[in-house]
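Presented below is the structure to which this report refers.
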Amino acid sequence: MATKYIIFTGGVVSSVGKGVTAAAIGRLLKERGFSVTAQKLDPYINVDPGTMSPYQHGEVYVLDDGAETDLDLGHYERFIDTSLNKVCNMTTGQIYAEVIAKERRGDYLGGTIQVIPHITNEIKRRIGLAGKTTNADVVLIEVGGTVGDIESLPFLEALRQLRSDVGRENTFFVHVTWLPHIGATGELKTKPTQHSVSELRSIGISPDMIIARSDYQVEPSLCEKISIFCDVDRKAVIPMVTTKVLYEVPLLLEKAGVGELLMKRLGLEPRRKPDWTEWENLVNLEISQRPTVRIALVGKYVELHDAYMSVREALHHAALSQGVEVVIDWVHSADLEKDQGWDILEEADGILVPGGFGSRGIEGKIQAARFARQHRTPYLGLCLGMQVMVIEFARFIFKSEKANSTEFDRGTPYPVIDLMPDQRGIADMGGTMRLGLYPCNLQEGSIARRCYNKPLVYERHRHRFEFNNTFREQFKAHGMIFSGLSPDGLLVEIAELEDHPFMVATQFHPEFLSRPNRPHPLFAGFMGAAKEHARMSTEELGLVKTSTT
Ligand code: GLN
């Protein structure tokens with residue numbers, strides 16, 4: 001069967017859930033027995049988002065092969081439940097770097113190198129690779145940004161050409177737009193959608209479907225109007241009202257007939273009948289009344305929740321599996337340093353310190369780890385969250401506040417976290433960390449081993465620093481267990497405390513492997529411990545905690 005391409009463009013404004021929509025449509029196809037892959041086309045000039053501040057970009061999502069990618073790839077993996085690879089995120093920077101390298105080699109034999117055809121051909125070559133490397137029946141392609149951006153033009157031109165290269169019957173364009181609501185009249189407006197469709201047409205692309213996002217109910221007459229003005233089949237104008245429950249999106253799209261429509265238009269015969277039982281159960285659970293568990297997430301970029309997208313999702317998956325509702329209290333680690341926010345930690349049933357870089361707010365994170373150890377509050381540390389747990393423990397056992405990571409204090413007398421040997425001498429910042437999937441052996445009898453319930457696991461990494469083995473014996477003697485090690489025994493991948501209900505931290509990022517129907521074992525274990533903490537404190541206080549959000 002010829003590979004099918006479903007292309008997603010955005011209209012009107014960004015951040016209306018184009019990535020989630022694409023991911024959810026991927027699920028509709030997967031439910032019909034097709035293998036699906038997804039590719040994000042990012043128009044910025046960075047080679048990857050790895051060097052960007054989370055404030056600019058949100059989370060950097062890491063794949064098995066170590067590619068540092070856009071957070072939308074997290075949505076794709078969570079919804080479609082497939083492992084993507086590095087060709088699944090292409091940026092303008094990558095395209096130009098490749099074309100310029102070829103030019104310097106003389107590969108173009110004296111030709112003048114131009115956006116069309118050289119840049120567009122390289123884009124198409126990479127689109128082809130997405131299907132080939134994953135053996136997918138259907139490739140979902142999401143174009144970053146909104147139609148009208150100058151920088152996305154080469155991508156759109158390449159996709160326009162793709163339609164004639166592979167045939168109209170093998171491509172389908174979905175335009176995701178936004179209907180603004182006018183408060184004074186209480187109306188939803190379609191004009192911006194009309195404009196963005198005409199913009200798309202002016203570059204030669206006619207959408208086959210419009211997904212009209214809105215915060216308000218969309219009347220059928222409005223869909224009629226969009227259909228007429230934008231020349232899109234009425235059945236292919238899909239209103240999509242904002243839902244609180246993320247995993248409801250595929251169910252809503254299915255109900256709106258999107259699956260059927262795609263089958264017809266792409267000439268596909270479903271290989272099996274979709275079975276939505278699992279997703280319906282997830283959604284029903286999500287909307288059901290459950291006891292509340294409060295998790296304090298102590299980070300540095302907490303103003304921007306997108307910076308911790310996968311952590312947040314992993315907490316939700318774990319909460320569903322434990323039959324509780326998680327309320328995340330976002331704590332700025334720098335506030336703790338100023339004596340603010342401690343009441344939140346006191347109220348918390350669990351404390352989570354996620355990954356991060358640089359020294360701002362680091363002392364606050366170390367203090368949060370101290371609080372968790374002393375108050376026996378369940379603690380989960382991720383990457384930097386493990387490093388701060390180690391630093392805190394070192395300060396405790398060596399009775400010196402000078403213990404540190406050499407990332408933050410090069411001259412510390414107790415460099416308990418230090419640069420990995422193979423990181424020394426690396427000058428380039430981009431793509432040079434220890435990245436991607438590595439094996440980890442779990443120690444019998446540890447909390448980690450109990451959570452995973454198997455001896456060997458593979459997890460995704462993104463770091464330059466590691467536990468300094470010169471301190472291993474002293475730490476062990478004082479009750480820290482190194483429950484996860486690289487198979488050669490040299491790298492500490494998981495550390496936990498002996499005399500604590502749940503103080504577990506990982507050098508890797510388990511959040512990237514959590515799925516809605518398959519919560520990550522360590523997140524599930526953490527949530528279980530937090531649930532127990534909540535139960536105990538409720539009993540102690542003789543009150544029932546209630547959700548406030
Ligand atoms: N900054 C630390 C390191 O490079 C932690 C990285 C992280 O949390 N992803 O090792």
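The values are calculated or read from the model by the stated rules, or taken from the named source; none is laboratory data. Remember, predicted model here, so these are calculated numbers, not experimental data. Note that we place each Cβ from the backbone using ideal geometry, even for glycine, and neighbour counts take in every protein chain shown.
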Is it the case, given these coordinates, that Glu313 is of a type in the set (D, E, K, R), more than 15 Å from the ligand (Cβ to nearest atom) and free of Cβ contacts under 8 Å to residues at least 40 places away in the same chain?
no
Checking the conditions here, which among Lys132, Lys86, Lys124, Lys102 is under 17 Å from Ile6 (Cα atoms), free of Cβ contacts under 8 Å to residues at least 40 places away in the same chain and not hydroxyl-bearing (Ser, Thr, Tyr)?
Lys132
Those residues of region 406-425 which are touching a residue at least 24 places away in the same chain (Cβ under 8 Å), part of a loop (DSSP other than H, G, I, E, B) and charged (D, E, K, R) amount to Glu407
Here's a check for you: in region 361-409, which residue that is touching a strand residue (DSSP E or B) at 6+ places or on another chain (Cβ under 9 Å) and basic (Lys, Arg) is nearest to the ligand (Cβ to nearest atom)?
Lys365
Can you pull out the residues in region 20-35 that are among the aliphatic types (A, V, I, L, M) and under 17 Å from Leu246 (Cα atoms)?
Val20, Ala22, Ala23, Ala24, Ile25, Leu28
If you go through Arg376, Arg360, the only one that is basic (Lys, Arg) and in contact with a Pro (Cβ under 7 Å, 6 or more places away or on another chain) is Arg376
Residues of region 426-454 satisfying the condition of being surrounded by fewer than 17 Cβ atoms within 10 Å (Cβ to Cβ) and either more than 16 Å from the ligand (Cβ to nearest atom) or not in a loop (DSSP other than H, G, I, E, B) (or both):
Pro439, Gln443, Glu444, Gly445, Arg450, Asn453, Lys454
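Listed here are the residues, each with its yes/no results for (1) surrounded by 21 or more Cβ atoms within 10 Å (Cβ to Cβ); (2) under 18 Å from Pro43 (Cβ atoms); (3) at pLDDT 95 or above.
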{"position": "Asp81", "(1), (2), (3)": "no, no, no"}
{"position": "Ala101", "(1), (2), (3)": "no, no, yes"}
{"position": "Val115", "(1), (2), (3)": "no, yes, yes"}
{"position": "Leu129", "(1), (2), (3)": "no, no, no"}
{"position": "Val147", "(1), (2), (3)": "yes, yes, no"}
Please work out if Arg395 is surrounded by fewer than 23 Cβ atoms within 10 Å (Cβ to Cβ), among the charged types (D, E, K, R) and either in contact with an Asp or Glu (Cβ under 8 Å, 6 or more places away or on another chain) or free of Cβ contacts under 8 Å to residues at least 60 places away in the same chain (or both).
yes
Give me a count of the residues in region 175-204 that are among the acidic types (Asp, Glu) and farther than 20 Å from Thr21 by Cβ.
1
Within region 38-151, helices (runs of 4 or more DSSP H) holding 3 or more residues that are under 16 Å from the mean Cα position of the chain (by Cα):
54-57, 72-80
Flag if Arg449 is touching a Lys or Arg at 6+ places or on another chain (Cβ under 9 Å) and among the basic types (Lys, Arg):
no
Of the residues Leu522, Leu497, only one is of a type outside the set (Phe, Trp, Tyr), away from the ligand (no atom under 16 Å from the Cβ) and either buried (at least 22 other Cβ atoms within 10 Å of the Cβ) or more than 30 Å from Glu280 (Cβ to Cβ) (or both); which?
Leu497
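This table checks each residue for (1) at positive phi; (2) in contact with a Gly (Cβ under 6 Å, 6 or more places away or on another chain); (3) of a type outside the set (A, V, I, L, M, F, W, C).
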position	(1), (2), (3)
Pro49	no, no, yes
Met52	no, no, no
His57	no, no, yes
Tyr61	no, yes, yes
Ser83	no, no, yes
Arg105	no, no, yes
